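**Student:** Structure below; questions to follow.
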Ligand code: AMP
Ligand code: GLY
């Protein structure tokens, strides 16, 4: 089969790595991909939000199966467009993608189906939003309704901070039309956890648990990021909590999808706050999490293509899914300055010569522009595609440079978390680029 993976981050590298292990996969394309992905797939320089371009490419290249990584194209309806072309595609349609693209849509859904979540109100009028400052006490949670690259949530500590957040979102439009509507909600306390699930419209199957670290600095300090690391399985999950989450949240969510005519197929990412009075939903995402995916897929012992096809075909209930008992850790190496302004084009060294149990998933990387061999493969190129490279071998050239905020995910797999942690940090010691920053406490629970 010929596959197309849409996206170009660490999540897509992990998905490509896992799919390349399937004996039925003949060739993988990735749009736009990155330097690391090019060792497994033909990277095609079409951006993930260029839906017309991706449709044209998929048709011309006779793609059999597509996998959509990021939320942007899902929210813009890429799945509906691929389906119109008769291309099988893994990911939810536009209607279902509102569960990530609109916080108000999700809050209404949760309330309608009595699924535990923070109390909330929605506002389209700035004067009314200002009058609602402090209605649930402090701190106050203020959210842009639409997609804002993970930055649309502000936790305001006082009146002045709340006022300026509302103005920035609604009148300065720092996130454009995402701030046309606001959701103001009660602040929840507890431990945050995320559960990734496969959903085929009729069945919901949670994956192995994982824990993400959202803050930039050790000890959960500093501003939020896309995610600075993850480990699996999560130390806070046990059978009792898993059953509670299934009964109070996952099963009612699936029943809600069916009642509302949401034919959800793909990955549902459930962001939870586990507090004294049980788990509550903070948010839904409609895709694999990044970097949770890297740590989770390393423990998957079943062919990912089989699972994805069973989701698309509505056969998930009959699909076996096996997870390894091993522990995995993924530590993100980020560019200096991230999540604020950061530089690009810094040379990365030390990527080769990694031991077997270390995998490096690339996120913001590319080959240096002056490298004559860096042309990204076009549709016709056989390029450097090699299924034998499914081991995630390093790009063969040394001129890999930084091209994004989150640059690499260095991951290890071992029998114990201590071993995995030791291995990952030993590997990180060998990798350098200008300004590199990473957390040293991934895998250690932080409350
Ligand atoms: P979201 O984009 O909705 O996941 O929010 C981003 C982050 O803001 C979450 O991961 C939480 O850390 C925090 N957050 C969002 N909503 C709440 C809430 N109601 N109470 C406490 N923290 C929240
Ligand atoms: N790691 C959080 C996310 O993917 O949104």
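Matching residues to (1) within 13 Å of residue 68 (Cα to Cα); (2) under 20 Å from the mean Cα position of the chain (by Cα):
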| residue | (1), (2) |
| --- | --- |
| 2 | no, no |
| 18 | no, yes |
| 23 | no, no |
| 31 | yes, yes |
| 34 | no, yes |
| 37 | no, yes |
| 44 | no, no |
| 51 | yes, yes |
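**Student:** If only one of 223, 206 is within 15 Å of ligand 1 (Cβ to nearest atom) and over 16 Å from residue 411 (Cβ atoms), which one is it?
**Tutor:** 223
**Student:** Looking only at the range 151-195, how many residues end up being out of contact with any strand residue (DSSP E or B) (no Cβ under 7 Å at 6 or more places or on another chain), assigned to a loop (DSSP other than H, G, I, E, B) and on the phi > 0 side of the Ramachandran plot?
**Tutor:** Counting residues in the range 151-195 that are out of contact with any strand residue (DSSP E or B) (no Cβ under 7 Å at 6 or more places or on another chain), assigned to a loop (DSSP other than H, G, I, E, B) and on the phi > 0 side of the Ramachandran plot gives 1.
**Student:** Based on what the data block shows, is residue 48 assigned to a loop (DSSP other than H, G, I, E, B) and crowded, with 16+ Cβ neighbours inside 10 Å?
**Tutor:** Yes: the conditions hold for residue 48.
**Student:** Now, a different point. Do you know which of the residues in the range 210-233 that are part of a strand (DSSP E or B) and more than 14 Å from ligand 2 (Cβ to nearest atom) is modelled with the lowest pLDDT?
**Tutor:** Taking the candidates together, the pick is 223.
**Student:** Can you tell me which residue within the range 262-283, out of those that are touching a strand residue (DSSP E or B) at 6+ places or on another chain (Cβ under 8 Å) and within 18 Å of residue 79 (Cα to Cα), is farthest from ligand 2 (Cβ to nearest atom)?
**Tutor:** 265
**Student:** Further question: Search the range 135-152 for residues being more than 16 Å from ligand 2 (Cβ to nearest atom), surrounded by 14 or more Cβ atoms within 10 Å (Cβ to Cβ) and over 18 Å from residue 107 (Cβ atoms), and hand back the single one that is farthest from the chain's Cα centre (by Cα).
**Tutor:** 138
**Student:** Okay, moving on. Just for strands (runs of 3 or more DSSP E) wholly inside the range 236-346: which have at least 3 residues that are within 16 Å of ligand 1 (Cβ to nearest atom) and within 16 Å of residue 205 (Cβ to Cβ)?
**Tutor:** Correct list: 265-275.
Residues checked against (1) touching a residue at least 60 places away in the same chain (Cβ under 8 Å); (2) crowded, with 21+ Cβ neighbours inside 10 Å; (3) within 17 Å of the chain's Cα centre (by Cα):
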position	(1), (2), (3)
271	yes, no, yes
276	yes, no, no
283	yes, no, yes
286	yes, yes, yes
290	yes, yes, yes
321	yes, no, no
335	yes, yes, no
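**Student:** Continuing with this model, one more query. Please list, ordered by residue number, the helices (runs of 4 or more DSSP H) wholly in the range 85-145 having 2 or more residues that are touching a strand residue (DSSP E or B) at 6+ places or on another chain (Cβ under 8 Å).
**Tutor:** 94-101, 103-112
**Student:** How many of the residues making up the range 179-208 are under 27 Å from residue 266 (Cβ atoms), modelled with pLDDT of 95 or more and surrounded by 16 or more Cβ atoms within 10 Å (Cβ to Cβ)?
**Tutor:** 17
The values are calculated or read from the model by the stated rules, or taken from the named source; none is laboratory data. Computed from a prediction, not measured in an experiment: that's the story for all the values here. Cβ atoms come from the backbone with ideal geometry, glycine included; neighbour counts cover every protein chain shown.
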